[in-house]
Each structure stands twice: as structure tokens, then as C-alpha cells.
Amino acid sequence: MTATTKANTAAGEWQSTACILCSINCGLHVQVEDGHFVKIKGDKTNPRSKGYTCEKPARLDHYQNHGDRLTSPLRRRPDGSFEEIDWDTAIAEVAARLSELRDQYGGEKIMYYGGGGQGNHLGGAYSSALRRTLGMRYQSNALAQEKTGEFWVERLMFGGRPEPDFEQAQVSVFVGKNPWQSHGFERARVVLKEIARDPDRKMIVMDPRRTETAELADVFLQVRPGTDAFVLAAILAILVENDRIDRDFLSRYAGDAGALFDTLAAVPITDYCERAGVPEALVRQAAELIGTADTVAVIEDLGIEQAPHSTLNSYLEKLLYVVTGNFGRPGTMNLGTHIGKIIGGGKDNRTSPVGGHKIITGLIPCNAVAEEILTDHPERFRAMIVESANPVHSVADSPRMREALDALDFMVVIDVAMTETAQQADYVLPGSSQYEKVEATFFPGGFPDNVFQLRHPLFEPAPGTLPEPEIHSRLCRALGAYTDDDLARLRAAAEQGLDEFGAAFLEEMGSQPGLGKILPVVLYETLGRTLGEGLAPAALIWGAAQTLAGSHADSVRRAGFEGGGPALGNALFKGILESPNGVVITSDPHQTSFDRVATDDRRINVLIPELVEELAELEGERPTPRDDAFPFVLAAGERRTNTANTIYRDPSWRRKDPAGSLRMSPGDAARLGVADGGRVRVTTKRGAAEAAVEITDTLRDGHVTLPNGLGLAYPDESGERVVHGTPPNELTSSEDRDWLAGTPWHKHVRAQVEAI
Ligand SMILES: Nc1nc2c(c(=O)[nH]1)N[C@H]1C(S)=C(S)[C@@H](COP(=O)(O)OP(=O)(O)OC[C@H]3O[C@@H](n4cnc5c(=O)[nH]c(N)nc54)[C@H](O)[C@@H]3O)O[C@H]1N2
Ligand SMILES: Nc1nc2c(c(=O)[nH]1)N[C@H]1C(S)=C(S)[C@@H](COP(=O)(O)OP(=O)(O)OC[C@H]3O[C@@H](n4cnc5c(=O)[nH]c(N)nc54)[C@H](O)[C@@H]3O)O[C@H]1N2
Ligand code: SF4
Ligand SMILES: [Mo]
């Protein structure tokens, strides 16, 4: 069950790694012994996090060692139970079944879900070899229930994803985001405290709950849940009214605004502030701060993405900084570099095969996945490969998701733990944990310096597990995608060094075009085998480093790497490999942001006609009438000090509030006659759940919240699986979603709450 410590690291030695609990991946210094973490602290040598951590990684041994880790491939028996099988059998049978389904229905009927969580993106990158071998075309993951609307807007406006610089911004704006708990940028609590302490810097927070972040704000706009579009429109309208638009910036860098400014000028400011339940004077104060500051940085997150008008909200949020010219300078928004991709490239004009839903950055909306299966439409999905994700738990409407997965002809899950989704699988393939293999994320897009960290393994793979790159490689081989003969020349070249390998690589790709389809696996099986113990999956980073050095040579050279062409890529790769604590890979002057605008005319696009239309239609929108059956708005899935998605499954990591309370205002609690700690039943149109109440004056009346990531089944001492806390998506419905991006309204679930 527990892994052994890597033979070459002595107990008592500090090693560099990173936290895997949120997208920031703070650098850690750790000591390990007998397969366990024994000491964990922030890594001061990490160039991004500089020693910072929050409280959560102290408990990482609950991820590495727990009672729900998978230690053998599993096959479902006809009676529904699982039996352990060996890896050769698992690979052979999974490959045979997948190729049968491909031959019968076509590879595009096999869908891929997941590919990486908060700390691991290499597995997903290697899966592309398997997907292309099988002719799979469709995929989805959690980004399609949070960020796809924002991505769609960013692509149209910038052709990239601007990064906020809160370290230097004079005015920092947080919209539906609680960085004190959820982070989302480096060293969040330090930066927030610095802003709060400095009389010359200001913070604006838009949130229905007075969060830990809101407590530090200069202007706190406590909006009615789901009314952000009205407040954002009002702020923009005030900027127009007070002539705070940076016309000079717009004429130099932006495209035609079309009807945008006329539409904004027509916004009834007073009425919109009233609808949102925020004093107009406060909204005006926020607008003046944004309109008159030298530098403004803005971030949005789930509070507006998983709520009504999701994509429109993302557009209005970006207009706040664009129309005021806060781009391409320190303290504003800038376009950084990326090594590796977590989202698809190119223009997406595809739609999902059954429902015709917009595919954004390669992803089908999570909320549409079940309906792409539960139909007799000939194009429906027949099989699914799920990797490093738990959609039964994390996608809206868990009962329907379970029903959909049941209806598939075949499902494979690759995970480290027996998840709610693995429970539905035909085969479960156990991955080695993120500390048992070389791993990385492709999240950072840092600016002016971008840092990449390739973490080295701390433990041997737990017995019975394999790193995902090995799983994908074996499946590709079993499917006949390559033979040892195909790779012989590259293997020989890899033994001679990177220069020789690079030259041979170009030639072999020309003479054996079939290998291009399985590129990551080719690198893994050739170059990877020469990189040293446990480092084979790093081979993919060689390709990524060559691509980055090819497209951004100046930026890579400014980070201190020398050479040109493939030599620069090799230098970057070596630098990455030799710096397991992270290394600056690109460095840029701020002006570069303008060169990186990748719209058709290379100007920032301020006009998105469908969203300007939605903006104009806001005025006619009737406030949702009070529904006596469901008078509350439930935010299903709030980030708290003791949540970390479903990465920690062992409930004992949570010392306080182990079952995750329902938060409620004192007024609502009094009306329901429930005391702090008292139990209530929460009912939605989809389901019901029980929870204990935490009374808090941080919430508005009528607004209740549940934490994210709870409600996981975990074996007790007798081996029986017990559910701890409320699984939020037993209460959500897949049809409640954005009209454009399909993003769910997890933060806006109509509910009834009754004392028990
Ligand atoms: N501790 C912890 N940190 C995490 C995670 C975790 O599980 N635990 N998960 C990580 C992940 S995957 C993500 S995506 C991020 C998410 O990070 P956040 O988006 O910051 O997290 P949430 O708490 O879900 O939602 C943010 C805020 O939205 C507010 N909100 C609710 N309804 C509305 C509304 O109608 N309007 C506005 N303006 N705000 C509203 C909530 O009150 C909350 O304060 O966190 C990451 N960090
Ligand atoms: N109602 C509601 N639903 C939500 C949210 C909400 O706020 N409210 N938040 C949404 C958001 S923003 C997100 S990001 C999603 C998150 O939901 P998911 O994307 O489903 O994933 P995670 O909970 O991050 O867990 C990732 C999975 O990876 C597995 N894992 C960990 N390490 C490894 C590894 O090395 N290899 C493999 N193969 N597997 C590994 C874990 O065991 C776990 O099953 O949830 C979404 N769902
Ligand atoms: S949870 Fe996020 S902010 Fe906290 S230490 Fe881990 S990576 Fe850093
Ligand atoms: Mo997320």
C-alpha cells in the first residue's frame, strides 16, 4: 500500500517539489521517510512562490498514503464487483475492447474526459498519442465548467490570456473570486495584506458574501447573487458617463467598438444598482477608482463564471481594464508565455456531435456530456476514457452522470484512488501518485518572468501502479501504433546526446510520418529512456522546450539561455531538467504584451456582437420572481480553508468542520428556528441533502453556501464505504447553464432549506 522512498535519497535530506492542491503549485521543500512525508515547508528557492504556502500542503501525506489508493488494475465482473488483474492482462483487454469499439462505431465515439488536475498535466499530454491512435475526436474536462466562457472571450479579444499583476497594481479588482482561500495568483495572502496595508493602493471586491478577501477591501460591492452583469454594466456606464475611457489607448491598440459605447451609455445606472442590491454611491466609487488609477489589475473566477450571464460577465470584466487602458504595463494585465498546453489550440468552430453545443478550446461543455450519451442518436458516445478526474462527483447532476456512464458500452478510468467515477468503470487502471513520478503543470503564464517547474519523483511508484505515460505507451503499443523497429534509430541517436537526437528526430518524422501521431510516446520511448531513473516522462518537455525556443527565442534568451535554433531548445530543456525547484523560462519587457495580441488584425478586439446584444437585453430581464418552493439561492461549492477539490479523499485531513457546514445568515437561521450546528434539509428541483448549519453574518439573507469537494465515500475500519459531507452535484441540474459556453450555474442553485 505505501510506496518506498526512492533508493537514492537519504532520510533527512531536503528535496524540492510542489504542492498539488491548487493551480498555483507553490514550491515545497520536503523530507520523506519509509514512503511518507515527514517534513513539509515552503521552498524559498522556488522562483515563483519564494517560500510561500498556505496551510493545506502540511497534510499532503493524506494524498500520498490513504486507505483508498488503487494498487492493482481492476476488472469488473458480471455481478458488478471488481477483481484484481495483472497489468499485461489489463493492457491487452482494454486495447482489444477499444479497438473493437473503434472498428464498430468509429474512434470519434470514444470520448476522453479529464487529463489532469491541479498538479499533474503530463498524463493528459501523453494521452494525445492514445487518442490519435484510436481516432478519438472529442474531449472535455473541468475547465469546461468554469473557464471556457472566459477563454472564448479572451480568444476573441486578445488571442491569449492576460495575467494580472497584483504585486504592483494601484487598484486590484476581484470579481466573484476569494483569493484569500482559493489563491489564483502567487503568494495571494501576502499580496492581499500588502495592498490592505498600503494607503496608496486600493482593493475592490464584488461578492455576495463578505469573504476573507472582502474584509480587506476598500470598496466591497456585496451584490445579490447572480446580478454581476448589472453591476459590471453600471460600472462601465459610469466610466463612459464620467469620460474615464482611455480613447488614446483604444485608438492605438484596439479595433472598432461598434455599438459597444452606445449600449453602455444607455445603461440605466441607478436601476441596475438597485437590482443588484448595492448602493449606487459605492458603485460610483469603484468606477472612479478604476477610471482614475494609473494601474489596474482584475481577476474573475467561479462567482461570476458559474452564475447567470457567465460569458457576458467575463466580457464585461475584461472591458473594465481594456477601456481604461490597463494593459501592457507593470501593475496591469499582460500576455505571458506558455510551455505546453492545457487547452486546445487553433480556432474552434466545431460543435458537439449530438446536441450541437459549442466546443471551446477543444472542450465539450461538461453540462452537455450526459446528453451526448443518453440518447439513441447515431452519433452518441459509446465509450469513455477518464483520466485524473471525477466527473460523477464534479459535474452537475451526479445521478444523471452516473446514468450516462452506465449507458456506455465501455469505460476505463485512470486514477490513483477509488473514486465515485472509478466505481462506474469496466476497467480501473491505477496511476502512480504525483510524488512517485516526474510531474508538472502547464498552468503558469507568468509575466514578466514565466517559471516552469518539473518536479522529480520523491518515492518509488507504489506497487501495482504505473505512471500514466507508461500506461499510454503500453496501450499504443498494444494497438499496433509502433514497434521497437520503428524506434531503433531514434534510440541509438538518443544515446549520443541531444544534438544528435534532435537531428535524427527531424529525419525520422519525415520518413515515418505515422510516428507524428504518437509523438509524446515516441519521445518517451527513445529520449526518455536516457534521462535517468524515473525521468522518462520528462521527454515530452524536450519537445515543448524546442517549440517555445522556436516561437519565443528572444524571451527564452532573456531568461539566460544561450544559442539559437535547436541548441537554444536543448539549453532550455537541460535547464528545466536540472532545476527541480523551478526555473525562469522566459523573461519579457512589458511592451511584448502588445506583440502577443493574436487577434486577426493584431489589435485588441473590444466588440463581441452577441454579448453586446445580451448586454442590451439585460434591461428587459425581469428579476426572477420569488419561488416559494425554492426561496434560497445555494452556492454549491465554496472554497474554504479545508477544501481541496477531491484531491484529498481521506476525511481525517480536515480537522475543523469535517462534514462541511451549510453557511447561512443569522436572519435566515432565526426565521427557520435553527441554531448554530443544528441540522437542516436542503432541497432543490434535483435532489435533497442534509447538513449542519454554520450561522455567519458574512452572508446576505436568502443566500446559503456549501463547500466544494465534499461528499466522498471513504472506507471505514471495517472496509465499508462511508460518505462524508454533502456531494454538491447531487443538488445541481445540468440544464442550468450559460446559453453560449454551457458553463454551469453551480453558484446559483434555487433551493429550499428546512430545519430538521
Ligand atoms: N481552498 C481551496 N482552494 C482552491 C480550491 C479548493 O478546492 N480549495 N480549488 C481550486 C479551483 S479548481 C478553483 S477553480 C478555484 C476557484 O476559486 P474561487 O472562484 O475564488 O472559489 P469559490 O469559493 O468557489 O467562489 C468564489 C467566490 O464567488 C462568490 N460568489 C458566489 N455567488 C456569486 C455571485 O453571484 N457573484 C459574485 N460576484 N460572486 C459570487 C463566493 O461567495 C466566493 O467567495 O479555487 C482553487 N483553489
Ligand atoms: N457543484 C460544484 N461542482 C464543481 C465545482 C463547484 O464549485 N461546485 N467546481 C468545479 C471545478 S472549478 C473543478 S476544477 C472541478 C474539479 O473536479 P475534477 O476535475 O473532477 O477533479 P479533482 O477533484 O481536481 O480531482 C482530480 C482527480 O485526480 C485524481 N488524481 C490525483 N492525482 C492523480 C495522478 O497522479 N494520476 C491520476 N490519474 N489521477 C490522479 C484524484 O484522485 C481525483 O479523482 O470540480 C468542478 N465541480
Ligand atoms: S493549496 Fe495552493 S496556495 Fe496553498 S500551498 Fe498549495 S499550491 Fe500553494
Ligand atoms: Mo477549478
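The values are calculated or read from the model by the stated rules, or taken from the named source; none is laboratory data. Just so it is clear, the model here is predicted, and its values are computed rather than measured. Using ideal geometry, Cβ is built from the backbone for each residue, glycine included, and neighbour counts are taken over all protein chains shown. SASA here: full protein model, heavy atoms, side chains in, ligands and nucleic acids out. Shrake-Rupley method; radii C 1.70, N 1.55, O 1.52, S 1.80 Å.
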Gyration tensor (Cα only) of the range 222-317 to equivalent ellipsoid, semi-axes in Å sorted down, yields 21, 16, 14
Could I have the simple spin-label model distance between ASP256 and SER23, label points 7 Å from Cα toward Cβ, reported in nm to one decimal?
3.4 nm
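Give, rounded to the nearest 20 debye, the magnitude of the charge dipole that the range 162-334 has about its Cα centre when Lys and Arg contribute +1 at Cβ and Asp and Glu contribute -1 at Cβ. Walk me through the intermediate numbers first.
Numbers: 17 positive and 27 negative charges, 55 e Å.
The calculation lands at about 260 debye.
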Of CYS54, ASN367, THR211, which is farthest on the positive side of the dipole of the chain, counting Cα position, with +1 on Lys and Arg Cβ, -1 on Asp and Glu Cβ, and the Cα centre as origin?
CYS54
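Between ARG329 and ALA616, what FRET efficiency comes out of the Förster formula 1/(1 + (r/R0)^6) with R0 = 30 Å and r the beta carbon distance, rounded to 0.05? Show your work: numbers first, answer last.
Details: r = 32 Å, r/R0 = 1.06.
Using R0 = 30 Å, I get an efficiency of 0.40.
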Classify the range 162-334 as rounded, prolate or oblate from the Cα gyration tensor: take a ≥ b ≥ c as the square roots of its eigenvalues, call it rounded if a/c is under 1.5, otherwise prolate when a/b beats b/c and oblate if not.
oblate
GLU194 paired with LEU506, simple spin-label distance in nm, labels 7 Å along Cα-to-beta-carbon:
4.4 nm
For the cross-link pairs LYS44/LYS193; LYS44/LYS437; LYS39/LYS202; LYS50/LYS177; LYS177/LYS202, which exceed 26 Å when the distance is taken from alpha carbon to alpha carbon?
LYS39/LYS202
First measure r as the distance between the Cβ atoms of LYS341 and SER652, then evaluate 1/(1 + (r/R0)^6) with R0 = 45 Å and state the FRET efficiency to the nearest 0.05.
0.80
In sequence order, calculated HN-Hα J values of the range 674-684 (Karplus, 6.51, -1.76, 1.60; Hz; x Gly/Pro):
10, 9, 4, x, x, 9, 9, 10, 9, 10, 10
Here, GLU690 and ASP484, labelled 7 Å along Cα→Cβ, have an inter-label distance in nm of 6.1 nm
Picking from PRO707, LEU70, ILE576, whose Cα lies most toward the positive end of the charge dipole for the chain (charges on Cβ: Lys, Arg +1; Asp, Glu -1)?
ILE576
If I stretch the segment between GLU13 and GLU108 completely, what's the gain in nm (0.36 nm per residue apart, minus their alpha carbon distance), one decimal?
29.4 nm
Sorted from largest down, give the three principal axis spans of the alpha carbons of the range 624-755, whole angstrom values.
49, 40, 24
Within the chain: Cβ-based charge dipole about Cα centre, in debye rounded to nearest 20 (Lys, Arg +1; Asp, Glu -1):
640 debye
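Just from its helices, what would the mean residue ellipticity at 222 nm be for the chain, if runs of 4 or more DSSP H residues each count -39500 (n - 2.57) and the sum is divided by every residue, rounded to the nearest 500 deg cm²/dmol?
Details: 26 runs with 241 residues, N = 756.
Rounded to the nearest 500, the figure is -9000 deg cm²/dmol.
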Mean Cβ count within 10 Å, highest first, over the residues of peptides 423-433, 296-306
296-306, 423-433
Using a 10 Å cut-off on Cβ atoms, rank the peptides 94-106, 434-446 from the highest mean neighbour count down.
434-446, 94-106
Charge dipole magnitude, Cβ of K and R +1, D and E -1 - the range 624-755, Cα centre, debye nearest 20
240 debye
May I ask you to list the lysines whose Cα is less than 21 Å away from that of LYS517, ignoring any residue fewer than eight positions away on the same chain?
LYS109, LYS341, LYS347
DSSP beta bridge pairing in the range 162-334, given as percent antiparallel to the nearest 5:
10 percent
Can you list the equivalent-ellipsoid semi-axes of the chain, largest first and in whole Å, using the square root of 5 times each Cα gyration tensor eigenvalue?
40, 32, 26
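Applying 1/(1 + (r/R0)^6) with R0 = 56 Å to the Cβ-Cβ distance of ASN349 and ASP676, what FRET efficiency is obtained, to the nearest 0.05?
Details: r = 53 Å, r/R0 = 0.94.
E(calc), rounded to 0.05, equals 0.60.
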Tell me, what ³J(HN,Hα) does each residue in the range 140-152 have, in order and in whole Hz, if you take phi through Karplus 6.51 cos²θ - 1.76 cosθ + 1.60 with θ = phi - 60° and put x for Gly and Pro?
8, 6, 4, 4, 7, 10, 8, 9, 5, x, 5, 4, 4
Global form of the range 546-697, assessed from the alpha-carbon gyration tensor, a/c cut-off 1.5
oblate
Extreme residue, positive dipole direction of the range 162-334, given options GLN285, THR263, GLY328 (C-beta unit charges)
GLN285
Give me the accessible area of TRP14, 1.4 Å probe, in Å² rounded to the nearest 10.
100 Å²
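Which percentage, to the nearest 5, of the DSSP beta bridges contained in the chain is antiparallel? If you can, show how the numbers build up before the last one.
Numbers: 45 of 88 bridges.
Here the share of antiparallel DSSP bridges comes out near 50 percent.
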